[in-house]
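Have a look at the structure below before the remarks.
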Amino acid sequence: MKKFLAIGLTVLTLAMLLSGCNTKKEGKVFKHGFDLDYPPYSYIDDNGEVGGFDVELCKAVCEYNGWTYEAVPFNWDAKDAELNAGNCDCIWSGFTRNGREDDYTWSMSYSDNTQMILVPDGSDITSLEDLAGKAVGVQTATSAYDLLQDSEEGQGELCATFASLEIYDTYTIAFNDLQAGGIDAIAIDITSGNYLMSGNPGYHFLDEELGSEQYAIGFRKDDTELCEQVNTALQALVDNGTYDAIGQKYPEIYEFLCLKPSNAQ
Amino acid sequence: MMNSDNEVSKMTNFSEETVNTSNPEKVILTMNKIQKSFDGLVVLKDINLTVRHGEVVSIIGPSGSGKSTLLRCATFLEKIDGGEIIYLDKKAVTTSFSGKVCYTGKAEMKEIKKYFGLVFQQFNLFPHHSVLKNVMEAPVNVLKRDKAEVEKEARILLEKMGLADKADQYPCNLSGGQQQRVAIARALAMKPEILFFDEPTSALDPELTIEVLKIIRQLAEEKMTMVIVTHEMSFAANVSNRVIFMDGGVIVEEGDPKDVFGNPRQERTKQFLKSYKEE
Amino acid sequence: MTFGTMLSTMAAGMLKTILLFVLTLLGSLPLGMIVVFLKKSKFKPIAWITDIYIAVMRGTPLMLQLLVWYFGPYYLFGFSIRGYKFTALLIGFIMNYAAYFAEIYRSGIDSMPIGQYEAAEILGYSKIQTFMKIILPQVIKRILPSVTNEVITLVKDTSLASALAYSEVFSLAKQISASQTSFMPFLIAGIFYFVANYVVAWIMNRIEKSMQYYK
């Protein structure tokens, strides 16, 4: 049942992406651009509301700066178009800065991220070498995907040993396919992988990491002032314990949160 | 538009191939006690009709009198609710004492259908086939006859219809009168024992009506057995051997055209003919 | 990634798009005709089931149908679905498009004047002969514009195959665009689709013209 719910959610997500979000409010409105299907950073929660660590943290930043929060969920493929068109003020959705350093104005990194290989318990795959000749799934336009496509600094050579790399629109479908036996393993961010496994026992990560990176908030290149305001707010939220309190609600990513109070730095 | 007189002048002398003239007293069609109603509304009440070889029977009557329905029942386009229909020696439909109507088997019905042809008010030519193909298709596909032989006959038929030069045209390029003549050729190509006409000129302008009526008159002279539902009173009077006046689902009066038109016995017939003259 | 590499990668994706497109048409055009016959079946349960099938195919998103065709056998019956993706895609697309084509065929058949059937019956045509020689040729002419619309929609709908990780041209465009931070792949995909549909429209137009010899 849960699996079909997941399929249903995927369809619902698409519908919501199409409808977009355009409400007008007075005062400074901070438009938070994010991927609606990237748990636990951003997703639809059990009440059908937009939720996730990034959403809550962004709302806290808005409250701190006296801004009105506006959610701008989008299709992840369209993130650059949305940002450049001014539909959102930032991309804040478990967004990897590594490899994109020059493309955006980046906030401080607020979370570490590692790419892992997720396999079913009892799988004969125990190391990255064992993936040779296997079918591996990944979500399109994610850091794990970029890593497997990058032959120079990433894992492109490893990817070449796979029987096939299956590229999905969402990890939800990829995970369904892994459960159903359509593929052997999934290359995924550790946090997203933890989230998937938290609701579905019987899976584990390989010990070997596929790669690692940092999450930060991407702004338009000329938006340095806005970036500074968010950075200041973030540091204040770390110092007053809000960052930690929100993080504790998301145990699967808590250990990767990397911002420290200013007196500890 | 072509000069219709000129066309018709070519249509003399239908050959033996077109019209079967043997056995003049042979009964072609017998309809006994035909009953038909639509949703409880009685359209035909106990109709009896016998047509002998070489006879031309005209059926006249006001609209809604059941004359077209009678033709559609005779050609099995409508199923009757009671009575019997016999073509030559083959019983197509019988009704048991308990009132159960029984149509004969598929194989025999297929044979019976070869005995008759029907010319529709709306022609119903096949628009995607050329004139020649319209005439040839059924003999080739249904009778499984040799194509070259059928084509030869079809061209002769079209020539007699004054349409030799239209063989490769499509129906949409023909006038209504020309289309109806193609429809007659199509029916004749099947070499039927009897030909039914369901208001063959009602969809035509007066000048086009003439060319179609001339063809039917020609067929009558060739002793083609025909049953014609028509509103053309003078035509019915001149061409047919027998006129049937129908009203309210019954045959009111029947007989020699001279008697029916000249000296009708029934009041309803008189009224009907009078209303026609007034028009 | 050079422009040449981008173009050749996406051309390979376009071939997969065309493969899916052609196989779907080959399957759904004839299947649609069978569906019409089932829908017109005198045995009512078959007609009802066909009605439900058409309603579901037209009333739910194709993407959802693709997921159900692929995952259904595993979740419902526990079958192994290894290597079944492309088959599931084909089943999904063919079943969906057959429903749409069936409705187009049905509207065409229903629009035929009764006189054509009656003329054929009087001339002694069997039911099959009447359909094949008289009705169908005229129906094809009548429905061609609607079929053209549907075929062009199919070219674009193939992008939904990305739901089952099928690397057709549009999902490749998304992938390359994301990794290269460039809009160019979408532009290339757009041109590919446009050219493909231009060819489809040209072919259909030729077929329509070839049937204009009668009205």
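The table below gives the values:
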| item | result |
| --- | --- |
| Computed helical MRE - 222 nm, the protein assembly as shown, DSSP H runs ≥ 4 contributing -39500 (n - 2.57), nearest 500 | -15000 deg cm²/dmol |
| Per-residue mean of C-beta atoms belonging to partner chains within 10 Å, peptide A:176-188 | 4 |
| Bridge type composition, the protein assembly as shown - antiparallel percent by DSSP, nearest 5 | 60 |
| Peptides ranked, highest mean first, by Cβ atoms within 10 Å: ranges A:172-182, B:137-147, C:9-19 | A:172-182, C:9-19, B:137-147 |
| Anchor C:Lys209: lysines whose Cα lies under 18 Å away (excluding residues fewer than 8 positions away in-chain) | C:Lys141 |
| Mean accessible surface per residue for segment C:127-215, computed with a 1.4 Å probe while every protein chain stays in place, in Å² | 48 |
| Accessible area of segment A:114-213 belonging to carbon and sulfur atoms, whole % at 1.4 Å probe | 43 |
| Solvent exposure ordering (accessible area, 1.4 Å, most first) of A:Thr242, A:Thr170 | A:Thr242, A:Thr170 |
| Chain pair C, A: total accessible area buried, heavy atoms, 1.4 Å probe, Å² | 2300 |
| Net charge contributed by nearby residues that have their C-beta within less than 14 Å of C:Ile188 (K/R +1, D/E -1) | 0 |
| Pairs from A:Lys28/A:Lys79; B:Lys36/B:Lys114; B:Lys114/B:Lys277 whose Cα-Cα separation, in the structure shown, is over 28 Å | B:Lys114/B:Lys277 |
| Burial order of peptide ranges B:249-257, A:69-77 (average beta-carbon count within 10 Å, highest first) | A:69-77, B:249-257 |
| Area accessible to solvent at C:Thr87, 1.4 Å probe radius, in Å² | 70 |
| DSSP-defined antiparallel bridges as percent of all bridges, chain A, nearest 5 | 55 |
| Additional length obtainable on full extension of the chain from B:Asn173 to B:Thr94, 0.36 nm per residue less Cα span | 24.1 nm |
| Within a Gaussian network of chain A (alpha carbon springs, distance under 10 Å), most fluctuating of A:Tyr171, A:Tyr254, A:Tyr43 | A:Tyr254 |
| Bins of 10 Å, starting at 0 and running to the largest distance - Cα pair percent for segment B:82-227 | 11, 37, 32, 15, 5, 0 |
| Amide N proximity, segment C:128-144 versus B:Lys110 label position 7 Å along Cα-to-Cβ, cut-off under 17 Å | C:128-133 |
| Listed pairs B:Lys110/B:Lys214; B:Lys110/C:Lys133; C:Lys16/C:Lys156 exceeding 22 Å between Cα atoms | B:Lys110/B:Lys214 |
| Most to least accessible of C:Trp69, A:Trp92 (protein chains only, probe 1.4 Å) | C:Trp69, A:Trp92 |
| Square roots of five times the Cα gyration tensor eigenvalues for segment C:1-143, Å | 37, 22, 11 |
| Within 10 Å of each Cβ in C:126-134, the average number of Cβ atoms from other chains | 2 |
| Accessible surface of C:Lys133 - all protein chains present, 1.4 Å probe, nearest 10 Å² | 80 |
| DSSP-defined beta bridges in segment A:114-213 - what % are antiparallel, rounded to 5 | 55 |
| Probe 1.4 Å, protein heavy atoms only - accessible area per residue of chain B in square angstrom | 44 |
| Inter-chain Cβ neighbour average for residues B:116-129, partner chain, 10 Å | 5 |
| Proximal aspartates and glutamates relative to B:Lys45, as straight alpha-carbon distance under 17 Å, when same-chain residues fewer than 8 apart are discounted | B:Glu78, B:Asp81, B:Glu84, B:Asp247, B:Glu253, B:Glu254 |
| A:Lys221 accessible area, 1.4 Å probe, all protein chains in place, Å² to nearest 10 | 120 |
| Whether segment A:114-213 is rounded, prolate or oblate, judged on the alpha carbon gyration tensor where a/c under 1.5 counts as rounded | rounded |
| Per-peptide average of other Cβ atoms within 10 Å, ordering C:105-115, B:67-77 highest first | B:67-77, C:105-115 |
| Inter-label distance, nm, simple model (7 Å from Cα along the C-beta direction), C:Ile203/B:Val101 | 5.0 |
| Cα gyration tensor category, rounded, prolate or oblate, for chain B with a/c compared to 1.5 | oblate |
| For chain C, built as a Gaussian network whose Cα springs stay under 10 Å, the top-fluctuating residue of C:Val139, C:Val199, C:Val36 | C:Val199 |
| Over 29 Å (Cα to Cα) - which of B:Lys33/C:Lys39; B:Lys100/C:Lys42; C:Lys42/C:Lys85 fall in this group | B:Lys33/C:Lys39; C:Lys42/C:Lys85 |
| Cα-based equivalent ellipsoid of the protein assembly as shown: semi-axis lengths in Å, sorted from largest, via gyration tensor | 81, 25, 25 |
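The values are calculated or read from the model by the stated rules, or taken from the named source; none is laboratory data. Quick caveat, the model's predicted, so the values are computed rather than measured. Note that we place each Cβ from the backbone using ideal geometry, even for glycine, and neighbour counts take in every protein chain shown. In case anyone asks, the SASA skips ligands and DNA or RNA and just uses the protein heavy atoms, side chains included. Shrake-Rupley method; radii C 1.70, N 1.55, O 1.52, S 1.80 Å.
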